[in-house]
Amino acid sequence: MIHTGDLFYPKDLYQSVYEILCTDWRSFLKKPLYIDTNKHELQNLVELGPVKYSAMIISDYDTKSSAHYLDKQLKDAGYKTTYSFAHKYHMPNEMRARILSDVSKLDWFYQVCRHPALGKKEYTQMIPIFQDAVSVSYFYSQFLWANNPDAKFDYQTRLKPWLDWDRILNYLYGVAYEFHPKDVYKHITDWRSHGKQYQEQLKFQKWCRDNYGIDTGCLVLSDDNMEKLRKILTKTDTPYPIQLVQKFFTLSK
């Protein structure tokens, strides 16, 4: 298990996730802990366990990445742009293949930890396991921050492992689904699934779908990317030939 201050490598992250899965959490959780899934079905977290929970999370989405799906829709509809709403983060190929599985397994421990029906005794017994899951979530994020300076924001230095566990997991989900860094930043800093911002997203999503047949899916678009998509759809963006020139000089730097 990685501990604070340790020098670690990707294989150490994988091993730490495995060690958390091998803990005796089943001996502490005796009562059902129900959650409402994306398919609006009640599922018992205890019965699922982290492995089945991970498989459920991954299979719940027909579209594996709304960002890649948006890029594909724009291309199929004939919009020419060098811009991509998906972002390929720098990481080893093995991590790219397993990050979503690892993150969703760690997320299971978060869901249990924050479940309102978890008893005080069970919570106390699980604390050491929760603490390890929090730490590994944070170490996973640290590795990605260190290897993706182009996708780093100041919020990362302010995240506290325990207090911001949900935000750290959301960051990791964003990386796993290859969402744009600006959209990930929007989601984990000031996004709430209600209120004015939520209504603005729904309104923009409807505008894209009704007028251009483009579905933004579950994406929480940043203000910049919302405006960028608007310009692409209305063909008021920088002319495509100029975009190509700009991209060439950016890549050649």
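The values are calculated or read from the model by the stated rules, or taken from the named source; none is laboratory data. This one's a predicted model, so the numbers in the text were calculated from it and none came from an experiment. Note: ideal-geometry Cβ built from the backbone for every residue, glycine included; neighbour counts use all protein chains shown. All accessible areas refer to the heavy atoms of the entire protein, side chains included, with ligands and DNA or RNA removed. Shrake-Rupley method; radii C 1.70, N 1.55, O 1.52, S 1.80 Å.
Evaluated with a Cβ-only charge set (Lys, Arg +1; Asp, Glu -1), the stretch 115-253 carries a dipole of roughly 240 debye about its Cα centre, given to the nearest 20.
Two numbers describe the Cα atoms of the stretch 192-239: Rg and Dmax, which are 11.0, 36 Å.
Using a probe of 1.4 angstrom and keeping all protein chains present, the accessible surface of the stretch 152-253 works out to 59 square angstrom per residue. Counting only Cα atoms, the chain measures 62, 41, 28 Å along its principal axes, largest extent leading.
In this simple spin-label model, placing a label point 7 Å from the Cα along the Cα-to-Cβ direction at both Asp12 and Ala97 gives a separation of 2.3 nm. A Förster radius of 22 Å combined with the Cβ-Cβ distance from Tyr155 to Asp76 puts the calculated FRET efficiency at roughly 0.05.
Compared with the alpha-carbon gap, the fully stretched path from Arg114 to Gln246 is longer by 42.8 nm at 0.36 nm per residue. Among the trypsin sites (Lys or Arg not before Pro) within the stretch 167-248, those in coil by DSSP and having at most 14 neighbouring Cβ atoms inside 10 Å are Arg192, Lys235. Mind running the shape call on the stretch 1-74? Use the C-alpha gyration tensor, a ≥ b ≥ c as the square roots of the eigenvalues: rounded below 1.5 for a/c, prolate if a/b tops b/c, oblate otherwise. Because a/c hits 1.5 or more and a/b fails to exceed b/c, the stretch 1-74 counts as oblate.
A probe of 1.4 angstrom, applied to the heavy atoms of all protein chains, finds Cys113 with accessible area near 10 square angstrom.
Of the residues Thr236, Ile127, Pro149, the one whose Cα sits farthest towards the positive end of the charge dipole of the chain is Thr236 (charges of +1 on Lys and Arg Cβ, -1 on Asp and Glu Cβ, taken about the Cα centre). Ranking of Arg158, Arg114 by solvent-accessible surface, largest first: Arg158, Arg114 (1.4 Å probe, protein heavy atoms only, all chains present). For the chain, the carbon plus sulfur part of the accessible surface works out to 53%, probe radius 1.4 Å.
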